[in-house]
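Some notes on the structure that comes next.
The values are calculated or read from the model by the stated rules, or taken from the named source; none is laboratory data. Fair warning: this is a prediction, and the values are worked out from it, not measured in the lab. As a convention, Cβ positions derive from the backbone with ideal geometry for all residues, glycine included, and neighbour counts pool all protein chains shown. When the accessible area is computed, the model is the full protein with side chains, heavy atoms only, and any ligands, DNA or RNA have been set aside. Shrake-Rupley method; radii C 1.70, N 1.55, O 1.52, S 1.80 Å.
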Amino acid sequence: MSAPETTQYRTPLHEIHERAGAQFTDFAGWQMPVSYGSDLQEHHAVRTATGIFDISHMAEIEVAGLQAAEFLDYALAGKLSAITIGQAKYSLLLNESAGILDDLIVYRQDDEKFLVVANAGNHDVVLAELQNRAKDFDVQVTDLSFETALIAVQGPRALEVLQATAELQAMDAATPIADLKYYRFSYAKFHGAKVLVARTGYTGEDGFELYLPVALAPALWEALINAGSAFGLIPAGLAARDTLRLEAGMPLYGHELKADVLPEQVGLGKVVSLAKEGDFVGRSAAEKELNPQARKLVGLSSEGRRAGRAGYQLFVGTKEIGEITSGALSPTLGHPIAMAMVDPAFQTEGTEIEIDVRGTRIPAKVVPLPFYKREKN
């Protein structure tokens, strides 16, 4: 009998979460808050007001040097050299077969410096791949994961929370946080330290992600909590984060994204820049036409309260036609939803299928993704 896996790491906010009554779970070697009492309340707070998440488990890797932009064009699927300073871009790390090793966000900090943010569970893979792919470039790849904290403030009142946090001051008065566009970032000062403030998130709502030194994370968390009390802000855990991203149709590595899944199968073909000059890892495989029999990602909607979960099989009659990758009872919509990989003949909107929920067939229908879109001002 093998020994149970043990948590290796705790975020710099762990004691604060304990005092707030958080329930914890092991996630990619980190002890993370899954809920502070009611994941439904936390979910609804993000949709209607604002929530605050500790996501300090994420991996932050700096890429710097004369050939940083050229290197990232080779190492990743997108054209990172095309983004401007202060801009972020969603991209993919592919293997030689064009399978997805991770999905990432890349921030361009200056002409020769980028911050690559990867999923916690893929920290080692992404770091090793970037270091290996950098061998022929004038570039340095530096792991900043364990000296960087990351706090997300998400929801329709997120901007008000940041503006009310007096200790958090924009470094450039000419570019206030309110003027940031989606997937743009700027810098603020907090207790004398620089904080990268990005208008990004993983919930389907407006919001911000704040990168700062770990030593200051508890003070910033408390400052945001205090300022946010007037705007309905509450701490939220991984359970709410998962239902929020599912409603927004956002993929999760290990569920929708895997090393044997191609970008085109999960609606991410446009993330792969075949128009950019030169080679990149996975290019030859990405240029090939997708196998016409390949399964693709679709949305599923059903009635009642019993939700299909990851790994549940899908059927039409006696024919097994796919598998759920993520599923839950949607707190916002009030009925079960799921993302699933299904055979080509059953990918059309309106197609009726059945979910095998522990031996019981539950009817479902193919629907467009995402399930939820926020109303924009």
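Criterion first (closer than 29 Å to Ser91 by Cα, among the polar types (S, T, N, Q), in contact with a Leu (Cβ under 9 Å, 6 or more places away or on another chain) and crowded, with 21+ Cβ neighbours inside 10 Å) does Ser326 satisfy it?
Yes; evaluated as a whole, the condition is true for this residue.
So His255 ticks every box in (1) over 24 Å from Thr11 (Cβ atoms); (2) outside any helix (DSSP H, G or I); (3) not small (Gly, Ala, Ser) but one. Which box is left unticked?
Evaluating His255 over (1) over 24 Å from Thr11 (Cβ atoms); (2) outside any helix (DSSP H, G or I); (3) not small (Gly, Ala, Ser) leaves (1) as the failure.
Tell me whether the range 160-169 contains one or more residues that are over 22 Å from Ala236 (Cβ atoms) and among the polar types (S, T, N, Q).
yes
Give the residues of the range 84-100 that are aliphatic (A, V, I, L, M) and open to solvent by 10 Å² or more (accessible area, probe 1.4 Å), sorted by residue number.
Quick first cut of the range 84-100, residues aliphatic (A, V, I, L, M) only: 85, 88, 92-94, 98, 100.
The one that is aliphatic (A, V, I, L, M) and open to solvent by 10 Å² or more (accessible area, probe 1.4 Å): Ile85.
Tally time: how many residues in the range 258-287 are open to solvent by less than 20 Å² (accessible area, probe 1.4 Å), in a loop (DSSP other than H, G, I, E, B) and not hydrophobic (A, V, I, L, M, F, W, C)?
Total satisfying the criteria: 2.
Restricting to the range 175-200, name every residue that is at negative phi, modelled with pLDDT of 95 or more and part of a loop (DSSP other than H, G, I, E, B).
Result: Leu180, Lys181, Tyr182, Arg199, Thr200.
List the number of the failed condition for Asp172; all other conditions in (1) at pLDDT 95 or above; (2) farther than 29 Å from Gly269 by Cα; (3) surrounded by fewer than 17 Cβ atoms within 10 Å (Cβ to Cβ) hold.
If we test Asp172 against (1) at pLDDT 95 or above; (2) farther than 29 Å from Gly269 by Cα; (3) surrounded by fewer than 17 Cβ atoms within 10 Å (Cβ to Cβ), just (1) comes out false.
So which strands (runs of 3 or more DSSP E) are wholly in the range 1-113 and hold at least 2 residues that are over 30 Å from Lys135 (Cα atoms) and either among the β-branched types (Val, Ile, Thr) or without any contact (Cβ under 8 Å) to a residue 60 or more places away in the chain (or both)?
On the way: elements: 23-27, 30-35, 50-54, 59-64, 88-94, 100-110.
So the answer is 23-27, 30-35, 50-54.
I want to confirm something. Restricting to the range 6-42 and keeping residues that are among the charged types (D, E, K, R) and touching a Phe, Trp or Tyr at 6+ places or on another chain (Cβ under 8 Å), which single residue is least open to solvent (accessible area, probe 1.4 Å)?
Ranking the candidates gives Glu42 first.
State whether one or more residues within the range 53-63 are touching a Gly at 6+ places or on another chain (Cβ under 8 Å) and either surrounded by fewer than 17 Cβ atoms within 10 Å (Cβ to Cβ) or under 30 Å from Ala285 (Cα atoms) (or both).
no
Using the structure shown, decide if Lys79 is touching a strand residue (DSSP E or B) at 6+ places or on another chain (Cβ under 9 Å), open to solvent by less than 70 Å² (accessible area, probe 1.4 Å), closer than 18 Å to Ala59 by Cα and of a type in the set (D, E, K, R). Can you show your working first?
Details: touching a strand residue (DSSP E or B) at 6+ places or on another chain (Cβ under 9 Å): yes; open to solvent by less than 70 Å² (accessible area, probe 1.4 Å): yes; closer than 18 Å to Ala59 by Cα: no; of a type in the set (D, E, K, R): yes.
Taking the combined requirement at face value, the residue does not satisfy it.
Only one residue in Ala236, Ala248 is closer than 23 Å to Phe24 by Cβ, open to solvent by less than 40 Å² (accessible area, probe 1.4 Å) and modelled with pLDDT of 95 or more. Which one? I'd like the intermediate steps shown before the answer.
Working: Ala248 fails: closer than 23 Å to Phe24 by Cβ.
Just one listed residue meets the conditions, Ala236.
From Pro218, Pro292, grab the single residue that is assigned to a helix (DSSP H, G or I) and surrounded by fewer than 19 Cβ atoms within 10 Å (Cβ to Cβ).
Numbers: Pro292 fails: assigned to a helix (DSSP H, G or I).
After ruling out the rest, the residue left standing is Pro218.
Within the range 132-145, can one find any residue that is open to solvent by less than 20 Å² (accessible area, probe 1.4 Å), touching a residue at least 12 places away in the same chain (Cβ under 8 Å), polar (S, T, N, Q) and closer than 25 Å to Pro12 by Cα?
Looking for residues that are open to solvent by less than 20 Å² (accessible area, probe 1.4 Å), touching a residue at least 12 places away in the same chain (Cβ under 8 Å), polar (S, T, N, Q) and closer than 25 Å to Pro12 by Cα, one finds at least one in the range 132-145, hence yes.
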